[in-house]
Amino acid sequence: MLRPMITSLMCCWVLGERLRPCSTAVNEFLTPLRVHPEYSGPVVAEDSWTFERLNHLVSGQVPESLTLEFKESTSLDKTESKRKELSKDVSAMANSAGGVIVYGVREDPKTHVAASLDEGVEVAEIAPDWIEQVADSNIQPKIDGLIVHMVHPDSNTAKAFYIVEVPQGHTAHMAADNRYHKRRGATVTAMDDYEVRDAMGRDIVPRLRVEIEARSVPDIPSTVDLTLFVVNDAVTPVEWCVVQLIFPATFEVLKQGGAAGCGQATSDTGVPVKYLRFHHGGVNAIPIWQGLRMNIHPPNTGPVQIKAPSGLYYIFWRITAPGMGWRADNSWVNVP
């Protein structure tokens, strides 16, 4: 039973080796960014966008995904058509899983990977607050929490690259063309009626996600403690849930962190993986309320402890609860 589930789930880059998905539907819930084989340094915080980080998108041949889109600088223009295009791209990201739009990156038209950086945007013509104003005035309802980062190429302050961080919307957001859009993999398409209704009902059904807190174990090389937290982004409380943690089979599990189950499986390309399964719920369990960050490990068990070759990895998680299907994503983990 597990192998089909894993084969449809796995789509990641672990030090340059890709596990290919056999289900594009499940792939919509993943963030398949490639980690460059030569890059094994510390994980870069999501809010620290630098010119070096933009160059890593190109050198690592990072592909577009459900939560990552590349746009050339010419996409930012004050014409009516470009304003509508911006509202379409931003609203589609919010209507899906949220994510990042990077302006100033040329993509390969066949593979959709970052091919090169362009010249950037003229700051005197397009300022960061202009992007926010266009989004606010052309998307209904307005998307709260939109963040625009400006990165200058080297010492040239006349030009800049813009990175727009879009949160997942709590409802469906309509673009300037009076339509609802969403991302399907690396493309933007119109939403079907049921998808619009589902997006509008996000706050009345559970919306769980997993956060992984990784800490190096002192005096033990190549060993990391992984603490799993479940967060509910909807107003409906959750009585119980099931979490699965999936990682390369090369990882040695030193401590299971109170997992209810464990095992091994194989991806559709024959790459072995390991998994741990956690349960939360029961008579004495605290419901997971909106905004609560719940430690998923049973009392007195501690975190998961893994040992692996030094490097930067993606570790995948899946979560389900009554009223919601499986939701999947991944987290960066750096093994020093």
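Things to note:
- Interchain or long-range residues, amide H under 5 Å from residue 261's placed H: 277
- Amide H within-cut-off set for residue 174, under 5 Å, with H built and near neighbours excluded: 140
- Greater than 20 Å apart at Cα, pairs in 274/307; 142/182; 78/110; 71/182: 78/110
- For segment 236-241, 3J(HN,Hα) per residue [Karplus equation, 6.51 cos²θ - 1.76 cosθ + 1.60, θ = phi - 60°, Hz, x = Gly/Pro]: 7, x, 10, 7, 8, 7
- Local net charge near residue 244, Cβ-Cβ under 13 Å (Lys/Arg +1, Asp/Glu -1): +3
- Coupling constants for segment 79-86 follow from the phi torsions by the Karplus curve (6.51 cos²θ - 1.76 cosθ + 1.60, θ = phi - 60°), and in residue order they are 6, 4, 5, 6, 5, 5, 5, 4 Hz; glycine and proline get x.
- For residue 266, the amide hydrogen comes within under 5 Å of the amide hydrogens of 273, counting only partners 5 or more places away or on other chains and with H modelled in the peptide plane.
- For residue 110 and residue 283, the FRET efficiency from 1/(1 + (r/R0)^6), where r spans their Cβ atoms and R0 equals 56 Å, is about 0.50.
Each value in this text was obtained by applying a stated rule to the coordinates, not by laboratory testing. Fair warning: this is a prediction, and the values are worked out from it, not measured in the lab. Note that each Cβ is placed from the backbone with ideal geometry, even for glycine, and that neighbours are counted across all protein chains shown.
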